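Working notes, beginning with the structure itself.
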Amino acid sequence: MSYMLEERSAGAVVFYLSQDVVEYLLLHYEAGHWDFPKGAIEEGEDELDTVRREVWEETGINNIEIVKDFRKEIEYFYRKVGELVRKRVAFYLAKSNTKEVKLSYEHKAYIWLHYPKAMRMLTFRTARNVLEAAHTYLTQLYNIK
């Protein structure tokens, strides 16, 4: 019987709102994919601690406002040194008051995009599912299009 490794991460759909227009922050990872800021939950952290730390480390944005009552979890599997890993990532919605980004070494680029373009730019279906849920939630919360 093979033992499966488990990993837990947390991340954020970072958005910027001006008037009734919302833009989402996507990061271009060194591996080539476009995704949201996220990372492993470290010892002593809860999910929101991780979200704040990862957003700050990966984007330089340190004053995010976590939107209440939105949490979407995704799950996927990947191989790490031949072992199967079950990875679960909890995503939150994080409002940024700035569009100024200072990328970490983990990323090649960033972009702020409106919903339809962000949906096309995201590499993974799971990320698109998260964005779809986040956008639906925000359109109701802020009465935006």
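The values are calculated or read from the model by the stated rules, or taken from the named source; none is laboratory data. Worth saying up front: this structure is predicted, and the values here are computed from it rather than measured. Note that we place each Cβ from the backbone using ideal geometry, even for glycine, and neighbour counts take in every protein chain shown. Only protein heavy atoms, including side chains, enter the accessible area calculation; ligands, DNA and RNA are left aside. Shrake-Rupley method; radii C 1.70, N 1.55, O 1.52, S 1.80 Å.
Return the total of residues in segment 35-59 being within 20 Å of I111 (Cβ to Cβ), open to solvent by 40 Å² or more (accessible area, probe 1.4 Å) and among the hydrophobic types (A, V, I, L, M, F, W, C).
1
Out of the residues in segment 133-145 that are over 17 Å from K38 (Cβ atoms) and in a helix (DSSP H, G or I), state the one that is most open to solvent (accessible area, probe 1.4 Å). Outline the logic, then answer.
Quick first cut of segment 133-145, residues over 17 Å from K38 (Cβ atoms) only: 135-145.
This time we only want the ones that are in a helix (DSSP H, G or I), so: 135-142.
On the way: H135: 21, T136: 67, Y137: 58, L138: 0, T139: 32, Q140: 140, L141: 89, Y142: 72 Å².
Per the criteria, the residue is Q140.
Among the listed residues E58, E100, E73, E7, which satisfies the condition of being acidic (D, E), in contact (Cβ under 8 Å) with a residue 40 or more places away in the chain and either under 17 Å from E132 (Cα atoms) or part of a helix (DSSP H, G or I) (or both)?
Working: E100 fails: either under 17 Å from E132 (Cα atoms) or part of a helix (DSSP H, G or I) (or both); E73 fails: in contact (Cβ under 8 Å) with a residue 40 or more places away in the chain; E7 fails: either under 17 Å from E132 (Cα atoms) or part of a helix (DSSP H, G or I) (or both).
Answer to the selection: E58.
Quick check: is even one residue across segment 19-34 open to solvent by 40 Å² or more (accessible area, probe 1.4 Å), of a type in the set (S, T, N, Q) and either free of Cβ contacts under 8 Å to residues at least 60 places away in the same chain or within 14 Å of F124 (Cβ to Cβ) (or both)?
yes
Give all pairs with beta carbons closer than 7 Å in which a residue from segment 115-130 that is at negative phi meets a residue that is of a type in the set (D, E); count only pairs at least 6 apart in sequence or on separate chains.
Taking only residues 6 or more apart or on different chains, the pairs are L122/D35; T123/D35; F124/D35; A127/D35.
Out of segment 97-128, which residues are in contact with a His (Cβ under 8 Å, 6 or more places away or on another chain), open to solvent by 80 Å² or more (accessible area, probe 1.4 Å) and of a type in the set (F, W, Y)?
First, the residues of segment 97-128 that are in contact with a His (Cβ under 8 Å, 6 or more places away or on another chain): 107-111, 115, 123-124.
From the residues that got through so far, the ones that are open to solvent by 80 Å² or more (accessible area, probe 1.4 Å) too are 108, 110, 124.
Result: Y110, F124.
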